[in-house]
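What follows draws every value from the coordinates through simple rules; no lab data is involved. Please read all numbers here as calculations on a predicted model, not as lab measurements. Positions of Cβ are backbone-derived with ideal geometry, glycine not excepted, and every protein chain shown enters the neighbour counts.
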């Protein structure tokens, strides 16, 4: 199964036989007090820096979220999308829980975006999937509903099936444009959380062959040495069937672990990307 997204000039293909899709998570005001203040003041300079930093480290796509308190999120998201597309040709993941903001972001976007996200709640699907269909976008879907965030992988698989049936049958979304988020929860809360996530990834891969993504940094939340944990978790998830992640694209340790896993899994032909990455590091040292 291949999922394609694009900017006006660049297409990215997500799939198990493709290099892992690194979706840079940085353009998001959550937990960034200074960034939130800048956005309220109309200062977008941090967005430009975040774009350039993530592109320089090899991000494949960029997630864009403008959900800061006391801002017009729809206006700001449209402005950010336009600005970012002037800075880079990487495709974007348009990220908001506000339907009006998603619509404004999609209206401003040039290309085929990835939308983040829906759940198995009928109300959310009814609001967002017609918008996704109209813009020809792809969609991230999470297997939880208004009643629960399931712990058991088998229940997450059931909700994935429900999402797929509704999205394809009722709303006409091509199955290849559905990317499942198998739910990564903090391992600090329960040492079995990652085991359940990996099992969920395997079940979805074996049952539906869908592409998957997740917020990789969630796994290490609240733990020390987070970069070490993330750099181990993502390659493990790749082996289970994860094909992309919304992750820290600025941290060399994590990006290097992902590119090493690509090489070991046969998705870096002749080691070209690995060698290029090494040469870039040596050039930077020199």
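Over the chain, DSSP H runs of length four or greater, each weighted -39,500 (n - 2.57), average out per residue to a 222 nm ellipticity of -14500 deg cm²/dmol. Spacing of the modelled spin labels on residue 17 and residue 33, each 7 Å from Cα toward Cβ, amounts to 5.1 nm. Considering only DSSP beta bridges where both residues belong to the chain, give the percentage that are antiparallel (nearest 5). About 20 percent, rounded to the nearest 5. A protection proxy built from the mean count of other Cβ atoms within 10 Å ranks the segments 62-68, 83-89, most packed first, as 62-68, 83-89. Zone of residue 282 (label point 7 Å along Cα→Cβ, backbone N under 17 Å): which residues in region 236-274? Answer for region 236-274: 271-274.
Using C-alpha pairs under 8 Å with a sequence gap of at least 6, the mean separation divided by the residue count of the chain gives a relative contact order of 19 percent. A straight line joining the Cα centroids of region 93-113 and region 131-210 runs 21 Å.
Highest mean packing first, where packing is the average number of other Cβ atoms within 10 Å per residue, the peptides 34-47, 215-228, 127-140 line up as 127-140, 215-228, 34-47. List residues of region 152-177, by number, whose backbone nitrogen lies under 18 Å from a label position 7 Å along Cα→C-beta of residue 1. Those under the cut-off are 153-177. Extension gain, residue 87 to residue 107, is 5.4 nm, computed as 0.36 nm per intervening residue step minus the present C-alpha separation.
Residues 11, 273, ranked from the fewest to the most other C-beta atoms within 10 Å, line up as 11, 273.
FRET efficiency for the residue 161 to residue 252 pair, using the beta carbon distance and R₀ = 25 Å, is estimated at 0.05.
With the highest mean first, a sort of the peptides 230-237, 157-164, 90-97 on other beta-carbon atoms found within 10 angstrom per residue produces 90-97, 230-237, 157-164. Panel order for 9, 3, 168, by other beta carbons found within 10 Å of each beta carbon, from fewest to most: 9, 168, 3. Multiplying the residue separation of residue 46 and residue 192 by 0.36 nm and removing their Cα-Cα distance gives an extension gain of 48.9 nm.
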